[in-house]
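Colleague: Take this structure, written in structure tokens, and hold onto it; I'll ask about it next.
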């Protein structure tokens, strides 16, 4: 007997499809010209770790006649089946549609995740999914495409997969595999792994401390579950070390410090790949950066360096109203902050961007906190809905400016 499609599942699929179509329609005319992961997938199919041509002037590592992609390799691994069918060139030409489909999958996973948080009203889930889909960097990175952004979409999918499992059966092996793949897609997500390790432990499910006068249960460390989690993560770490050693002779050389850059950005990198010197710049792009006023419509012009999260994603502040007595809420906040720290110290800044695109690494954790806050309150107030709409309007500006940035 085939399972019946529930109303909730139908709504979630419909929202994901609509989001994917919106992403594609608003970004189909822009070509990033950097489908590096498709060509790297083809290289893997032919037993190579390098490309036989230079895909662009920058963000490429040249060693003799070999050209290496500096970015973490799991997106290329994930794209191998597609490239095996279509070929790398065709897949590259279809990149805007492929990215839109991947982002639509992320939207659907967000719907599933919110359903596991106990949000009873579908309309509240709908509003929170709109927040995720159109009031976070997900919309921009999907529009912009290219090797820099496809990996971020896939990393978001993997993080959402981890969180769905953590609010489901909590199978440590599966969480480890997904978390390891996320690290092999976006290295800052390695900092979420310790929090996943604690969340697979049943202990954080105790949402409140024991009542006064009631003896707390004896703490037993879930060593078997942690061991299974480690088994899931280790293949990604092993591949990371092998991949670096094969390409550059050292398992710890990722290539990020070797990539060709324009002179002005190379000067920034010489201050340190990660350095406190970069913190003021990234802090500005995330929290403070504003557009400039121009005399002609639309009267506001972003500079492509960043845009304050208070403009792009104001409704994420609902996460502040989660139940902080819960250990799981504190672990989620810890993960959101931990994965953000390395990017705040990173030289790259995220250019070109509409909003601070590296913030997308933290968004899934904040979405869970926002969902828990709404589940706790029982409903999403009109004030938060207005904040979501404001963020959607601001992010719609990205569709206008996507092809106008140099």
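The values are calculated or read from the model by the stated rules, or taken from the named source; none is laboratory data. Computed from a prediction, not measured in an experiment: that's the story for all the values here. Using ideal geometry, Cβ is built from the backbone for each residue, glycine included, and neighbour counts are taken over all protein chains shown.
Colleague: Filter the range 301-339 down to the residues that are surrounded by fewer than 14 Cβ atoms within 10 Å (Cβ to Cβ) and under 24 Å from residue 386 (Cβ atoms) and list them by number.
Modeller: Within the range 301-339, just 320 meets the criteria.
Colleague: Turning to a different aspect of this structure: Filter the range 231-247 down to the residues that are over 22 Å from the mean Cα position of the chain (by Cα), surrounded by 15 or more Cβ atoms within 10 Å (Cβ to Cβ) and in contact (Cβ under 8 Å) with a residue 12 or more places away in the chain, then identify the one that is nearest to residue 177 (Cα to Cα).
Modeller: 243
Colleague: Residues that are loosely packed, with under 15 Cβ neighbours inside 10 Å and within 25 Å of residue 158 (Cα to Cα): does the range 384-391 have at least one?
Modeller: no
Colleague: Can you name the residue in the range 260-276 that is in contact with a helix residue (DSSP H, G or I) (Cβ under 9 Å, 6 or more places away or on another chain) and over 14 Å from residue 187 (Cβ atoms) and is also surrounded by the fewest Cβ atoms within 10 Å (Cβ to Cβ) among such residues?
Modeller: Across the range 260-276, the extreme among qualifying residues is 271.
Colleague: Which one of these is over 21 Å from residue 32 (Cβ atoms), over 15 Å from the mean Cα position of the chain (by Cα) and crowded, with 24+ Cβ neighbours inside 10 Å: 122, 128, 189, 163?
Modeller: Among 122, 128, 189, 163, only 128 is over 21 Å from residue 32 (Cβ atoms), over 15 Å from the mean Cα position of the chain (by Cα) and crowded, with 24+ Cβ neighbours inside 10 Å.
Colleague: Just to be sure, is residue 91 at pLDDT 95 or above, out of contact with any strand residue (DSSP E or B) (no Cβ under 9 Å at 6 or more places or on another chain) and in a helix (DSSP H, G or I)?
Modeller: Considered against the rule, which asks whether it is at pLDDT 95 or above, out of contact with any strand residue (DSSP E or B) (no Cβ under 9 Å at 6 or more places or on another chain) and in a helix (DSSP H, G or I), residue 91 comes out as yes.
Colleague: Surrounded by 24 or more Cβ atoms within 10 Å (Cβ to Cβ), at pLDDT 95 or above and not in a loop (DSSP other than H, G, I, E, B): is that true of residue 179 in this structure?
Modeller: It is true that residue 179 is surrounded by 24 or more Cβ atoms within 10 Å (Cβ to Cβ), at pLDDT 95 or above and not in a loop (DSSP other than H, G, I, E, B).
Colleague: Taking the conditions exactly as written (over 27 Å from residue 404 (Cα atoms), assigned to a helix (DSSP H, G or I) and out of contact with any strand residue (DSSP E or B) (no Cβ under 9 Å at 6 or more places or on another chain)), does residue 82 satisfy them or not?
Modeller: Taking the combined requirement at face value, the residue satisfies it.
Colleague: Among (1) in contact with a helix residue (DSSP H, G or I) (Cβ under 6 Å, 6 or more places away or on another chain); (2) over 28 Å from residue 109 (Cβ atoms); (3) part of a loop (DSSP other than H, G, I, E, B), which single condition is residue 279 missing?
Modeller: (3)
Colleague: Which of the following residues is at negative phi and without any contact (Cβ under 8 Å) to a residue 60 or more places away in the chain: 138, 122, 102, 113?
Modeller: 102
Colleague: If the requirement is being buried (at least 20 other Cβ atoms within 10 Å of the Cβ), farther than 27 Å from residue 79 by Cβ and at pLDDT 95 or above, which of these qualifies: 172, 137, 194?
Modeller: Of the residues listed, the single one that is buried (at least 20 other Cβ atoms within 10 Å of the Cβ), farther than 27 Å from residue 79 by Cβ and at pLDDT 95 or above is 172.
Colleague: While we're here: If only one of 19, 76, 14, 43 is farther than 27 Å from residue 264 by Cβ, over 24 Å from the mean Cα position of the chain (by Cα) and assigned to a helix (DSSP H, G or I), which one is it?
Modeller: 43
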